[in-house]
Structure formats: C-alpha cells, structure tokens
Amino acid sequence: MKAIVTTGNGGFDKLVYKDVPTPTVGSGEVLVQVLAAGVNNTEINTRLGWYSDSITVSTNSVADDGELAEIQKADGGWDLATPFPFIQGTDCCGKVVEVAEDANKHLLGKRILIRPCMRPDGFGSMRNIWMGSDFDGAFAQFVKVPASEVFLINSNWSDVELGSIPCSYGSAENMLFRASVSANDHVLITGASGGVGSAAVQLAKLRGARVSAIVGASKAEQAKKIGVDKVVERGTDYVSALGGESVDVVVDNVGGRDFASMLQLLRRGGRYVSSGAIGGPIVNLDLRTFYLKDLNLVGCTAWDEPVFRNLVSYIEKNQIKPLVAKTFDLRDIVKAQSEFLEKKHFGKFVLVPEH
C-alpha cells in the first residue's frame, strides 16, 4: 500500500510517500481502508518533537527553526517514545475490509470512524495511547486498529466531512464534558478558527452556552456564522474587551503569553480547560490568582468514555456541521502541512488516499 512514512524529528523531508506492507490483522483487530484523514497540529508537533521538555516555544517557532526541528528528541512524543519510522494520521473515516476471527463480523464492509484516543487499561485508568502518535495511523491506504475502537456511522456526510471530525471534535467534546459546560455558562474559546476551537464553538452552543471567541480579524464573520455570540480580535486587551471575572469557562489550546489574561477573565470558581498549547507551552501563572479565586485548572488528553459516542450521535442527528477548509491528495501532505502552518484557513484540512 501507499503511505506517508515519518522517518524522524525534523522538517518536511521527513515525510516520505512510499510503498509499505499492508498491515496484517491480529486477534481482535480490523483492517480499515482509509477514505479520508484529517490534518492536525499533533502530527506536526510529533514530527517536530514539540512535546519534548526541551521545547519552550510555539509549534510555528520550532517549524521555522530548521536546526531545532532536526534535533532528535527521545521525549518528543505524547507519552511513549515516538516509534520512528512510522505512519502518522490521527483522523480516519474508512471502510472495514477485513475482520479478525474473534472480532465483530458485522463490521465488515461498513463505513466507520476510528476513535484515535484509546484506553488500553480501561476507562478506570488515565493511561492512553493514540493512533498516529504511538502506533501507525491513517496517512495511508489502510490502517489496522482494535475492533473496539471502530464506530459505525449512519450519516449522509461525505467521507471527507467525516474524516475532519475525530481528533478535533473529540478533543473539544472531552474538554467541554470534563469542564461540565452547561446552558448557564459563558464560555471563552481561544483559537476559535482552528479545528479544535471551531469544534468547541459548535459543541458549546449545542449545550446552550453563551460563547465568546478569540480569532483574527479576517475570520470574525466566519466565527459568527458557526454560532459565536461575541468575537474578540486576537491580540487585543481581552480583559478590557470582555470584563474581568466575566467568564465561567475558558477553553484554551493556545496558551503562551495570554494565559494570565485568561485567569483574570474567569469568575471565582471558574474552570480553565486545555488540551494543547500551540502558542507556547510555558506560561506565567500567578498562584495567588489561582487559589484566591478558587479556580479549577483541567488538563485533557485521555478522552472520557462518553465522548466519542456523543460525537457519533451529534453527527447522526446533524447537530453539528463539518468545517472542511480544503482537501489534498495524500501524496501532497507537505503542501497541506505548509498551508496549515500559515493559519489562514478556518476549520480542517483533509487528506484523501488514492484507491
């Protein structure tokens, strides 16, 4: 089969389109023909080794610094050492084409979504592994996964639309679920034009929350179209724009220099929730703000059990909308990731393998 093999930490030259063996299913596994695979920050971060403790700057800063990107980082993956060379790709809409003897035969031939965040020790443990980060993923014509991570989908959405959902919407749903967002909440979402941010807007509105969102000026109208009640231009004085202690929940996957402002915006007892830090992982935290305001800081990587089933339900009921900015052939992954880093798009990029 054809696949994009990531050979190590570094630049775009580490992404090699080549022939590799088609996976062989083992006990409890299924083989999935990849119909569409979304592009996410995490694939770029993993290639760059951004998760390493040695990195203190944004994703784009590492991408722009060729020498820094080329350093091989043993701790550059999410959790385990990144298994280079391997196939990335965290999102997958696909069709089950082979089923192990001990797996569910009814999956064969069905269109499915794969839950990329897997809890191998069960949901009583927070240990998690991710398709496309800890083992071979969907930037290929085929991928194999445990049958337990395959979810049938009954929807008239296109393969590309479905392929835009898993990682971004799953991460957003997990954050809102953990933060117990409800109709009584005023939610502030940073980076609301990105995959996770735009998903969080829709999922917060689905819960009946009032949503403010931080985006670049050129993306304000698009943000309003997906339900944002108040747009705040990126780079402005957020406390002046919204008012101190005016927000119940901050959903922040940006981090960086604006972190302190986010805590100032939170009401007493407010919740700050994050599953990323694309603007920079090192922040200025005044512990007095944290404890004197009785704030809750919630980290999110492992998805809770209801999260993916919730997403499938939202899709099948057409309660959310896919936001596909552009599609690319799988072989054009370098072009896709280059444009992704420019941050001019709204929503998701999706790769489509040849078949």
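For the stretch 168-299, rounded, prolate or oblate, judged on the Cα gyration tensor with a ≥ b ≥ c (square roots of eigenvalues), a/c < 1.5 rounded, else prolate if a/b > b/c? Before the final figure, lay out each step's value.
Details: a/c = 1.40, a/b = 1.24, b/c = 1.12.
The shape class here is rounded.
Which pairs in the list LYS18/LYS73; LYS219/LYS317; LYS230/LYS293; LYS73/LYS335; LYS2/LYS144 are over 21 Å apart, alpha-carbon to alpha-carbon? Checking Cα-Cα distances, LYS18/LYS73; LYS219/LYS317; LYS230/LYS293; LYS73/LYS335 exceed 21 Å.
Near the amide H of GLU245, within less than 5 Å, lie the amide hydrogens of LEU265, LEU266, all on another chain or at least 5 residues away, with H placed in the peptide plane.
In this structure, ASN318 and LEU108 have a Cβ-Cβ separation that, at R0 = 30 Å, corresponds to a calculated FRET efficiency of about 0.65.
Assign unit charges at the C-beta atoms only (+1 for Lys and Arg, -1 for Asp and Glu), then state the dipole size of the stretch 77-132 relative to its Cα centre in Debye, rounded to the nearest 20. Working shown, then result.
Numbers: 7 positive and 6 negative charges, 52 e Å.
Result for the stretch 77-132 is approximately 260 debye, rounded to the nearest 20.
Here the chain carries DSSP beta bridges of which approximately 55% are antiparallel, counting only pairs with both residues inside. Amide H contacts of VAL298: TYR272, VAL273, SER274, each under 5 Å away and 5 or more positions distant or on a separate chain (H built 1.01 Å from N in the peptide plane; Pro and chain starts excluded). When only the Cβ of Lys, Arg, Asp and Glu is charged (+1, +1, -1, -1), the dipole of the chain relative to its Cα centre reaches about 1020 debye. Name the shape class, rounded, prolate or oblate, that the alpha-carbon gyration tensor gives for the stretch 1-82, where a ≥ b ≥ c are the square roots of its eigenvalues, rounded holds for a/c under 1.5, and otherwise prolate holds if a/b is larger than b/c and oblate otherwise. Judged from the Cα gyration tensor, the stretch 1-82 comes out prolate (a/c at least 1.5, a/b above b/c). Each residue of the stretch 158-172 is assigned a 3J(HN,Hα), and the resulting list reads 6, 4, 5, 4, 5, x, 8, 8, x, 5, 5, 6, x, 5, 5 Hz, derived from the Karplus form 6.51 cos²θ - 1.76 cosθ + 1.60 (θ = phi - 60°), x at Gly and Pro.
For the stretch 229-235, the Karplus equation 6.51 cos²θ - 1.76 cosθ + 1.60, evaluated at θ = phi - 60°, returns couplings of 7, 9, 9, 10, 5, 4, x Hz by residue, with Gly and Pro reported as x.
With θ taken as phi - 60° and the Karplus curve 6.51 cos²θ - 1.76 cosθ + 1.60 applied, the whole-hertz 3J(HN,Hα) list for the stretch 314-325 is 4, 5, 5, 9, 6, 8, 10, 10, x, 10, 8, 7 Hz, x standing for glycine and proline. Placing one equal scatterer on every Cα of the chain and applying the Debye formula, the log10 ratio I(q)/I(0) at q = 0.06, 0.09, 0.10 Å⁻¹ is -0.20, -0.47, -0.58.
Calculated from DSSP H runs of 4 or more alone, at -39500 (n - 2.57) each and per residue, what is the 222 nm mean residue ellipticity of the chain, nearest 500?
Details: 12 runs with 94 residues, N = 355.
Helix contribution divided over all residues of the chain: -7000 deg cm²/dmol.
The amide H of ALA103, built 1.01 Å from its N in the peptide plane, has GLY28 as neighbours under 5 Å, considering only residues 5 or more places off or on other chains.
Just so you know, all these numbers are worked out from the coordinates, no wet-lab data involved. None of these values were measured; they are calculated from a predicted model. Glycine gets a Cβ as well: all are built from the backbone with ideal geometry, and neighbour counts include every protein chain shown.
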